[in-house]
Structures are given as structure tokens and as C-alpha cells.
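**Student:** Please see the structure below; I have some questions.
The values are calculated or read from the model by the stated rules, or taken from the named source; none is laboratory data. Please read these numbers as outputs of a predicted model, since none were measured by experiment. Because the Cβ atoms are built from the backbone with ideal geometry, glycine has one as well, and the counts that use them run over all protein chains shown.
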Amino acid sequence: MANVAKSRREKSEHGRGLEVRAKVSGVGRQRRTKTDAGGGPVNGRPSQVISYKRSEGVQRFVRAIRNATPMQLVEVERTGVSGVLLKDMARQINIPVLRLYDIVGVPKATAEKKASENEVIAGAGGQAAIGMARLLGIAQAIVDNSTSALARDFDAAQWLGRWIELPQPALGGRRPADLLDTPTGINVVARVLGAIESGAFV
């Protein structure tokens, strides 16, 4: 992941100019499609509700969370996430599902019941699951934004599964996985992960 991020920093001046113009263009598109700061009703129509559908896969849910407006995130945090998301996410990042239950703070019996009965996991556990989706989105964005040849076959999800279990100096030697059961912990880990792309390795 460090090599992928490093390649992005080594772009030519011409490449950076294109990047700046793309960002400016993106801002213009965003202003045309977003009607209010909170993601409220558009022309009388309610915002699309974000939910996990197993048939669409984890990556689609991750993209939806990554592109969500603040009010859409508030709504999904209040509603909770499908119980099967944790199982599918554990497979995506290649860690045992029981370990993911522990990371997000959901008891095994509760998680298994929610998954088998197609119910939602709400509260702190649901918010932690959404936090994991946020981290997946950040990791994938680092790869997507890279020009390195290594990025083509780089599995960001499996890399994240390993990274969250490693002690990080920026977290005082703590593992990211140990902080993901609280909103503040998720935000702290997200900042550390995002620093990889900018090269701020701390």
C-alpha cells in the first residue's frame, strides 16, 4: 500500500494539473446534483436510503457509504445494517467472522441470529459495521487514485484486514481493530488510514 501511495506522489506537474482540473470539474458536478447540504429531499423526492443487499455485494455498499451525504449516513446509522453484512464483510477482508464480531462489539449469538433471520444490527454494532465500510472505502480510494502498476492487482480489502490487526505508531502502538467499536475510534483510525495516501506516515 505504501508503494501504491508513493507512486501517486511522484506524478508529473502535468499530471497534477489534470488532477486539479478534474477536482474542479467534480465540484461542479456535485453542485448540480446535490440540492441541500444535508442530502434532504430532491424536488420533493426523498433521498435514496442506503441498505446492504447481499445480491449486490459488499463493494456496492462500500461505494454507497463512501459517496453518502451526511444525512444519508445519519439515516443508515439509525436504521442499522443487515445482519448478513458482517459475514460477507469478514469474507471480503479475509478475517474470521468471529473476529469481526469481536471487533465491532456484537456478541456471536446476536450476530448469528440477526443474519439467519434477516434482521438488522442497530446501535453501536451497526455503527461499527458502517465504520468498517468507511475504512474499506478509504483503502479502495487509495488504490483507485494510484497510477502505480502495482495497483492493478492490489486487493485493498484483504490488505485492510491485515492492517487493522497491526500495531500502529500513530495510535500509540494500538491496533486499529481495538478502536473500531466506538464512533470516535473509527474516526481516529480513518484519519490514520487516510494519511497513507498523502504520505504522512506517522
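**Student:** Any idea which of (1) surrounded by fewer than 16 Cβ atoms within 10 Å (Cβ to Cβ); (2) among the acidic types (Asp, Glu); (3) part of a helix (DSSP H, G or I) is the one residue 197 doesn't satisfy?
**Tutor:** Checking residue 197 against (1) surrounded by fewer than 16 Cβ atoms within 10 Å (Cβ to Cβ); (2) among the acidic types (Asp, Glu); (3) part of a helix (DSSP H, G or I), the one that fails is (1).
**Student:** Then there is this: Within region 75-107, work out how many residues are assigned to a loop (DSSP other than H, G, I, E, B) and farther than 16 Å from residue 50 by Cα.
**Tutor:** Number of matching residues: 6.
**Student:** Across region 108-134, what is the total count of residues that are among the aliphatic types (A, V, I, L, M) and outside any helix (DSSP H, G or I)?
**Tutor:** So the answer is 3.
**Student:** For a quick check of your reading of the model, give me the residue pairs whose first member lies in region 87-116 and is under 15 Å from residue 128 (Cα atoms), whose second is of a type in the set (Asp, Glu) and not in a helix (DSSP H, G or I), with beta-carbon atoms closer than 8 Å and at least 6 apart or on different chains.
**Tutor:** If the second residue must be of a type in the set (Asp, Glu) and not in a helix (DSSP H, G or I), the pairs left are 103/181; 104/181; 105/181.
**Student:** Please go through region 140-192 and pick out each residue that is at pLDDT below 95, over 15 Å from the mean Cα position of the chain (by Cα) and under 16 Å from residue 94 (Cβ atoms).
**Tutor:** Answer for region 140-192, where residues must be at pLDDT below 95, over 15 Å from the mean Cα position of the chain (by Cα) and under 16 Å from residue 94 (Cβ atoms): 153, 154.
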